[in-house]
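Participant: Pasting in a structure now, in C-alpha cells, and then I'll have a few things to ask.
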Amino acid sequence: MDTFLVVLMIFAALILLYILWCLAEPFFLVNDRVILKRSELKGGDISKETVKKLPFIPQGSEGAPDLRLFFFSDIHSEWCPVTAKRINNSIRKAHENGGLDAVIFGGDIITYPENAAKGYKYLKEVSAFCRFLGIPFYGISGNHDYNLENAPENSGFISLDSESVTLTSRKSDAKAYLTGVPDSGKLNRVWQENLVCGTDKPVILLAHDPDALLHLNTSARPQHMLSGHFHGGQMKLPFRFEFNVLRTTDKFPKLGVIQGHFNINGTEVFISRGVGCGILPFRIFSAPEATVVEICL
Ligand SMILES: [Fe+2]
C-alpha cells in the first residue's frame, strides 16, 4: 500500500480515537479527596510567585479533620452523563467512610436558562438524598445561573449567596463560617469586595468563579475557598489555547490556577473540574470530579 495512504489512515484513526475519547470522558466520574490545612494569611498582591500548587493530600496532613464536606460543581445539566444517582452514590460512600458535615453545590446548574427544569430535577434528587441522610445541602450561584428565578428553592439547596452559616468542628468546639458570594453572570460582572460574615472565626468561602478571590479586599480574604467554573479546561488543548484564546477574561488561569489544590497568599483553595459539560458535550484530560474536602480549622 502506498506509504502516504498508510500515514493518512493512521492519522485518521488517531483523530477518530481522539473524538471518541472526548465523547467518552464525560462519563468517567473521579471521586477524590483533598485536605485543606490552615495556614497564615499573608495579604499582599496575588501573583505567580505567591501561588503554590499543592498535592491533594499534602505530606503530614493525615489525621482527623475538623470538617468533611462533599463538593461538586458545574453540572450543566444539558449534557451531564454523571447522573444525580451517581452523585448520590458518591455521597453515600463518603458518608459511610467517615461521615459528612455538608454537601455543597458550587454553581452552574445549566448552560442555557431554558433548560432550568432539567437542572432543578437533578439537584432535587441530590437534595432529597441529603435529607434522607440528615446532611445539610448548601449551594451558590454560577455565572450561567444569574437569571434563573428561585433556583435554590426549585433545586432544594440552601443558598449561601451573600449568606453565612456557622459550622462546628467534629473534634473540638472550634467553629467556622461557611459563606458564599453570588455570581453576577457572564457580562458586566460585579465582584464582591467584602463578605457578609465576621472575621472572628475561620472563613470557608464558596465562590463559583475563583477570580472572586482577586477582587476581595485583602482584609476579607478567607482561610479556605472552594470553587469551580474553569471545568479544568474541559478540553485541555496545547498552549492553554482554551484560556489564552477562547476565554481570555479569566485571570487565574494566566497564573496557572485552573484546577486542584493551591495555597494563594495563605488562603487554601480547592478548584473542582466540575461534573457536566458546558457548551460542547466533550471533555478531554479533564474528567468529571466530585470531591470530599477535609478541612483543618
Ligand atoms: Fe460552568
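Participant: Would you tally the net charge around Arg131, using a Cβ to Cβ cut-off of less than 12 Å, leaving Arg131 out, and scoring K and R as +1, D and E as -1?
Facilitator: Values: positive: Lys124; negative: Glu125.
Local net charge: 0.
Participant: To one decimal place, what Kirkwood hydrodynamic radius in Å is obtained for region 249-297 from all pairs of distinct Cα atoms?
Facilitator: Numbers: mean 1/r = 0.0783 Å⁻¹.
Kirkwood hydrodynamic radius for region 249-297: 12.8 Å.
Participant: What is the ratio of the Cα radius of gyration of the chain to 2.2 N^0.38 Å, with N the residue count, to two decimals? Could you put the intermediate results ahead of the total?
Facilitator: On the way: Rg = 19.5 Å, N = 297, 2.2 N^0.38 = 19.1 Å.
Its radius of gyration relative to the 2.2 N^0.38 Å reference: 1.02.
Participant: Highest GNM mean-square fluctuation, the chain, Cα pairs closer than 10 Å: which of Leu29, Leu216, Leu17?
Facilitator: Residue with maximal mean-square fluctuation among Leu29, Leu216, Leu17: Leu17.
Participant: Moving to a separate point now. Which angle from 0 to 90°, rounded to the nearest 10, does the C-alpha axis of helix 84-96 make with the longest principal axis of the chain?
Facilitator: 50
Participant: I would also like to ask the following. For the pairs Lys186/Lys236; Lys42/Lys121; Lys201/Lys251; Lys93/Lys175, flag any whose C-alpha to C-alpha distance is greater than 32 Å. Intermediate results must be reported in sequence, preceding the final value.
Facilitator: Numbers: Lys186/Lys236 22 Å; Lys42/Lys121 42 Å; Lys201/Lys251 29 Å; Lys93/Lys175 26 Å.
Where the Cα-Cα span goes over 32 Å, the pairs concerned are Lys42/Lys121.
Participant: At what distance in nm do the modelled label points of Ile158 and Thr199 sit from each other, each positioned 7 Å from its Cα along Cα→Cβ?
Facilitator: 2.6
Participant: Rounding to the nearest 20 debye, state how big the charge dipole of the chain is about its Cα centre with +1 on each Lys and Arg Cβ and -1 on each Asp and Glu Cβ. Could the numbers behind the result be given before it?
Facilitator: Working: 30 positive and 31 negative charges, 107 e Å.
In debye, rounded to 20, the chain gives about 520.
Participant: How much of the DSSP beta bridge set in the chain is antiparallel, as a percent to the nearest 5?
Facilitator: Values: 19 of 49 bridges.
Looking only at bridges with both residues in the chain, the antiparallel portion is about 40 percent.
Participant: Pull up the cross-link candidates among the aspartates and glutamates for Lys85, meaning alpha carbon to alpha carbon under 13 Å and not fewer than 8 places away within one chain.
Facilitator: Glu125
Participant: P(r) for region 135-211: what percent of alpha-carbon pairs falls in each 10 Å bin, starting at zero?
Facilitator: Taking every Cα pair in region 135-211, the percentages come to 18, 46, 28, 7, 0.
Participant: Just to be sure I understand: with springs between alpha-carbon atoms less than 10 Å apart, which residue in Ile140, Ile46, Ile15 has the highest mean-square fluctuation in the Gaussian network model of the chain?
Facilitator: Ile15
Just so you know, all these numbers are worked out from the coordinates, no wet-lab data involved. Keep in mind it's a predicted model, so treat the numbers as computed, not measured. For neighbour counting, all protein chains shown are included, and Cβ atoms are generated from backbone atoms with ideal geometry for every residue, glycine included.
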